[in-house]
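The values are calculated or read from the model by the stated rules, or taken from the named source; none is laboratory data. A quick note: this is a predicted structure, and the numbers were derived from the prediction, not measured. Here the Cβ positions follow ideal geometry from the backbone for every residue, glycine too, while neighbour counts run over all protein chains shown. Side chains are part of the model used for accessible areas, which takes the heavy atoms of the whole protein and leaves out ligands, DNA and RNA. Shrake-Rupley method; radii C 1.70, N 1.55, O 1.52, S 1.80 Å.
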Amino acid sequence: MKRIVGITALISLLALGCDDSLPTELRIDARKADQPSARGHGSGRVTVMTRNVYVGANVDRTLAGSLSEIPRLVSEAFQEFVDTDFATRMAELAIEIEQMQPHLVGLQEVTLVDAFFATASPQRFDFLTALLVALDARGLDYRLVAQADHTDLTLPADPTVVPGLVGVRLLDADAILARGDVEVSNPKIHRFGPRLGIPGTTIEVLRGFAAVDARVGRRTYRFVTTHLEPAPIPQLLPIQLGQAQELVSELGNETLPLIVTGDFNTPAHLGRGNAPTYDVLLGAGYIDVWTRRPPGQADAGFTCCHDLDLMNPTPDFYERIDLIFARNPRGIPRQAIAGAVQAAIVGDEQETRDLFGMWPSDHGGVVARLQIPVPADAGGS
């Protein structure tokens, strides 16, 4: 069994970060942050990150089991969770954030796990706390500004598989982190109506989004993060589509420029007309910022997926499902981005994997630096 690294032991681990382990395409410019002009205001050019941090176990397999199988499957999933060492992975993520210096970070699959034992005290494993501690240990000023709690399950476990384990609670959330120099207001948490029900149970997989107003230099943006239902089979696509349609409806009357990040679980790499959920966002006036990078950059932007145990020796991403969208406020023409976008994929750097022994998540993340021009009367300056 791989030992879970305690939060108090992270300091020495974090000191191992290496500045050259991530792409330089974005990192150098992002570290300039948003330098103030002579009048004391930054340009409003914003750097954002989206990151599915991954619970570290095959939860879908557990929920697909019969009622009689659930205790065994829960214990097996908990063992997988222990082996994928969440605290070390949060240390890796802190290094990524340090190198990219995003103003705002949208996180999905931010997990809280409580393990209950027959003859011992419960153990709590808190992804968000571990990440914030890791960031603080690196001298970084980031804070939680919105958290949308979704599915909250407590299931029985088989104590013969993991000795003494009798139950596990899992709370799934989306969250937004803001850098210390970003002014944030007006948080909103929303839960989607369309949702996946687990056959034979009363369990529903809940999803939604978190949003905040964020002022960067002379611009205020509405920043959103979300995680849509996967649709590996056609029968689940209506749920994902319904969630996407509800997302664009809820944001339809925003009077600020919008940046929407997340794990959309739609194959954007197939292009318009081949990914229905992707088409919903594009049809609502959103621009996929990855497609606005300078010409001649060959990176396909794939972000999924590493092996579930995170031990595959080389990256094997094959699809682009983690996305960043931008949209002008209601009533402003669609051309939303000023100049070319700088963007990069993180989480597929071989040096980082070699240093820590595993990938930080089964997904890669996306970091983008952009600006949405807004007329003075549109509420964004």
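What the table shows:
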quantity	calculated
Every residue from the range 245-256 that is in contact with a Lys or Arg (Cβ under 7 Å, 6 or more places away or on another chain) and buried (at least 21 other Cβ atoms within 10 Å of the Cβ)	Leu256
Flag for Arg218 being open to solvent by 30 Å² or more (accessible area, probe 1.4 Å) and either of a type in the set (A, V, I, L, M, F, W, C) or touching a residue at least 60 places away in the same chain (Cβ under 8 Å) (or both)	yes
Test: Val168 is modelled with pLDDT of 95 or more, within 18 Å of Glu109 (Cβ to Cβ) and of a type in the set (A, V, I, L, M, F, W, C)	yes
All positions within the range 199-236 that are part of a loop (DSSP other than H, G, I, E, B), hydrophobic (A, V, I, L, M, F, W, C) and touching a His at 6+ places or on another chain (Cβ under 8 Å)	Leu206
Matching residues, the range 214-272, being under 16 Å from the mean Cα position of the chain (by Cα) and among the hydrophobic types (A, V, I, L, M, F, W, C)	Phe223, Val224, Leu228, Ile259, Val260, Phe264
Boolean, Leu22 is touching a helix residue (DSSP H, G or I) at 6+ places or on another chain (Cβ under 7 Å), in a loop (DSSP other than H, G, I, E, B) and either crowded, with 20+ Cβ neighbours inside 10 Å or modelled with pLDDT of 90 or more (or both)	yes
Any hit, the range 298-307, residues being in contact (Cβ under 8 Å) with a residue 24 or more places away in the chain, surrounded by 17 or more Cβ atoms within 10 Å (Cβ to Cβ), assigned to a strand (DSSP E or B) and of a type in the set (Gly, Ala, Ser)	no
In the range 64-92, the residues that are open to solvent by 30 Å² or more (accessible area, probe 1.4 Å), of a type outside the set (Gly, Ala, Ser) and in contact (Cβ under 8 Å) with a residue 12 or more places away in the chain	Leu67, Pro71, Arg72, Glu76, Gln79, Glu80, Asp83
Among (1) more than 16 Å from the chain's Cα centre (by Cα); (2) buried (at least 20 other Cβ atoms within 10 Å of the Cβ); (3) charged (D, E, K, R) - the single one Asp279 does not satisfy	(2)
Residue within the range 119-132 that is under 23 Å from Asp213 (Cα atoms) and of a type in the set (Phe, Trp, Tyr) present	no
Residue match in the range 46-53 (condition: modelled with pLDDT of 50 or more and over 21 Å from the mean Cα position of the chain (by Cα))	no
Number of the exception - Asp136 against (1) buried (at least 17 other Cβ atoms within 10 Å of the Cβ); (2) acidic (Asp, Glu); (3) over 17 Å from Pro360 (Cβ atoms)	(1)
Answer residue from the range 313-327, given it is part of a loop (DSSP other than H, G, I, E, B) and open to solvent by 10 Å² or more (accessible area, probe 1.4 Å) and is nearest to His363 (Cα to Cα) among those	Phe317
Test result for Thr129, among the hydroxyl-bearing types (Ser, Thr, Tyr) and either on the phi > 0 side of the Ramachandran plot or at pLDDT 95 or above (or both)	yes
Some residue of the range 96-104 being part of a helix (DSSP H, G or I), open to solvent by less than 40 Å² (accessible area, probe 1.4 Å), touching a strand residue (DSSP E or B) at 6+ places or on another chain (Cβ under 6 Å) and not acidic (Asp, Glu)	yes
Any chance Val224 is under 20 Å from Phe325 (Cα atoms), β-branched (Val, Ile, Thr) and crowded, with 16+ Cβ neighbours inside 10 Å	yes
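Yes/no matrix, rows are residues, columns are (1) of a type in the set (Asp, Glu); (2) buried (at least 22 other Cβ atoms within 10 Å of the Cβ); (3) assigned to a loop (DSSP other than H, G, I, E, B):
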site	(1), (2), (3)
Ile176	no, yes, no
Asp181	yes, no, yes
Ser185	no, no, no
Gly193	no, no, yes
Gln240	no, yes, no
